[in-house]
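The values are calculated or read from the model by the stated rules, or taken from the named source; none is laboratory data. Everything quoted here is computed from the prediction, not taken from an experiment. Positions of Cβ are generated from backbone atoms using ideal geometry, with glycine treated the same way; all protein chains shown enter the neighbour counts.
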Amino acid sequence: MARAEPGQRDSLFDAPAEEAARSAAPLAVRMRPRSLDEVVGQRHLTGQGNPFRKLIDHDAAMSLLLWGPPGTGKTTLAQVVSNVTSRRFIELSAVTAGVRDVRAAIDAARRELGLTGRQTVLFIDEVHRFNKAQQDALLPAVENRWVSFIGATTENPFFSVVGPLLSRSLLLTLEPIGDDDMATLITRAVADERGLGGAITLDDGVTGLLVRLAGGDARRALTYLEAAALGGPAGGLVDIAAVERAVDRAAVRYDRAGDQHYDVISAFIKSIRGSDADAALHYLARMIEAGEDPRFIARRIIVHASEDVGMADPSALGVAIAAAQAVEFVGLPEARINLAQAVIHLALAPKSNAVVKAINSAASDVRAGLIGPVPAHLRDASYRGAERLGHGGGYRYPHDVAEGVVTQRYAPDVVAGRRYYEPSGHGAEARYADRNERIRAILDGVGDVASPAPGGDPDA
């Protein structure tokens, strides 16, 4: 049985044409590993004794879902499986393929299996882009093992892959390539004949710069390396300046609809809550550079101003709202300055979660059914006949006393005496805590109470 080449697929091209195509391929494609021992990173998958390694070593039938960020080796691992196990390799992209393409690939795999006994690796890139019907079309082939199915996704498969396909597949999570592994990959690409074949050398610091710019994405690292090599002198030294000419900015891994969106905003809020202005600014810059909607960022800042700062610095909410208005009036890129000012203000402000605890506690009582009738003296007494119903009778008008607070019950009987707002001793809230206690004492009739002045509630 002939050994499959990496990435082998049915083709109308002859061998010289295939060789020419490979030589013209991007560096990242040319440097794809041909065996598991050549794979850089993902040792938790490729190491001896791990489930993925066992499947390959025993040439077992398999159904895999590879989940990880771009450039972490999903396509590479699929092609390695095909190469090592001598199986045909058929690759489809969910971006362009439909149910007809899937069924045609499965039919071809079944014919090959029936005629020669040779199995086929059916690799679906970006499988999360298939809708439910398209994913369901894969189920018979996976269930009956007509193909070794490998699906690659950058999205969380628990949200993007249908349950039946997920339950029939081994889910493998790929991690961003580590710095040491990335440096090894770059060094190998410079020296390997499939890569740059030693045609260039890298100046001090260039490998480290490429590692940092790649952000764990091997494909991006090799793309940047190839661009820098093309822009440098033939057979010469590639220095940092050559890389900077080829690459105008660092890659920001961020998906506005996926895990990164939620992870980064979570880290952003927690950094503000933890009073780390520098970390919060990092995440702010990361979101802005990645193209996050600045209105979303502004909304989260407004929520945080009350949730985690609250009465410890009442001005925080005004600052947050002003930043949100600046986003609407000014827009990016200038509004990033307004957002940064609000972030710094909130990060350095004293913190209190007393406000959110207060409303949550009150809501909990309401949900529990602690809802009594409004006391009669607080009910609307502005209409004819209200007095006969007893509405407003006995109401004491706070402005008629010097202190502006009178002994009077406001809460329904069922929650009388409940205390929802418990001020902290942080920042300005310490002053509110003292005032809150004095007010409570007057309301409950245990503090100093002034006599009502003449007059009454003009609205009663």
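Below is a table of values for the structure above.
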item	result
Selection from segment 366-382 of residues that are surrounded by 15 or more Cβ atoms within 10 Å (Cβ to Cβ) and either within 30 Å of the chain's Cα centre (by Cα) or assigned to a helix (DSSP H, G or I) (or both)	HIS377, LEU378
Any hit, segment 171-192, residues being among the small types (Gly, Ala, Ser), free of Cβ contacts under 8 Å to residues at least 60 places away in the same chain and in contact with a Ser or Thr (Cβ under 6 Å, 6 or more places away or on another chain)	yes
Residues satisfying the stated conditions in segment 86-100, i.e. surrounded by 17 or more Cβ atoms within 10 Å (Cβ to Cβ) and free of Cβ contacts under 8 Å to residues at least 60 places away in the same chain	LEU92, ALA94, ALA97
Options ALA411, ALA362: the member that is part of a loop (DSSP other than H, G, I, E, B), within 50 Å of the chain's Cα centre (by Cα) and either surrounded by fewer than 16 Cβ atoms within 10 Å (Cβ to Cβ) or of a type outside the set (Val, Ile, Thr) (or both)	ALA411
Condition check for GLY445: in a loop (DSSP other than H, G, I, E, B) and either among the hydrophobic types (A, V, I, L, M, F, W, C) or touching a helix residue (DSSP H, G or I) at 6+ places or on another chain (Cβ under 7 Å) (or both)	no
Within segment 106-138, considering residues that are in a strand (DSSP E or B) and of a type outside the set (D, E, K, R), the one nearest to VAL161 (Cα to Cα)	ILE124
Where a residue in segment 47-71 is over 24 Å from MET31 (Cβ atoms) and its partner, wherever it lies, is buried (at least 19 other Cβ atoms within 10 Å of the Cβ) and among the charged types (D, E, K, R), with Cβ under 9 Å and at least six apart	ASP59/ARG87
Boolean, PRO157 is within 21 Å of the chain's Cα centre (by Cα), closer than 28 Å to ARG87 by Cβ and either at pLDDT 90 or above or exposed (fewer than 15 other Cβ atoms within 10 Å of the Cβ) (or both)	yes
Odd one out for SER275, checked against (1) closer than 24 Å to ALA433 by Cα; (2) assigned to a helix (DSSP H, G or I)	(2)
From LEU185, LEU196, residue being surrounded by 15 or more Cβ atoms within 10 Å (Cβ to Cβ) and either outside any helix (DSSP H, G or I) or over 34 Å from the mean Cα position of the chain (by Cα) (or both)	LEU196
Members of segment 70-105 found to be touching a helix residue (DSSP H, G or I) at 6+ places or on another chain (Cβ under 9 Å), of a type outside the set (Val, Ile, Thr), farther than 23 Å from ARG220 by Cα and not in a helix (DSSP H, G or I), listed by number	ARG87, ARG88, PHE89, ALA97, GLY98
Index of the failed condition, SER148 passing every other in (1) outside the structural domain of ASN50 (by TED's automatic domain parsing); (2) among the small types (Gly, Ala, Ser); (3) closer than 30 Å to ALA97 by Cα	(1)
Boolean, ILE124 is at pLDDT 90 or above and in contact with a Leu (Cβ under 6 Å, 6 or more places away or on another chain)	yes
Of all residues making up segment 139-170, the number that are part of a loop (DSSP other than H, G, I, E, B), within 21 Å of VAL121 (Cβ to Cβ) and in contact (Cβ under 8 Å) with a residue 60 or more places away in the chain	5
GLU226 being in contact (Cβ under 8 Å) with a residue 60 or more places away in the chain, under 30 Å from VAL81 (Cβ atoms) and not small (Gly, Ala, Ser)	yes
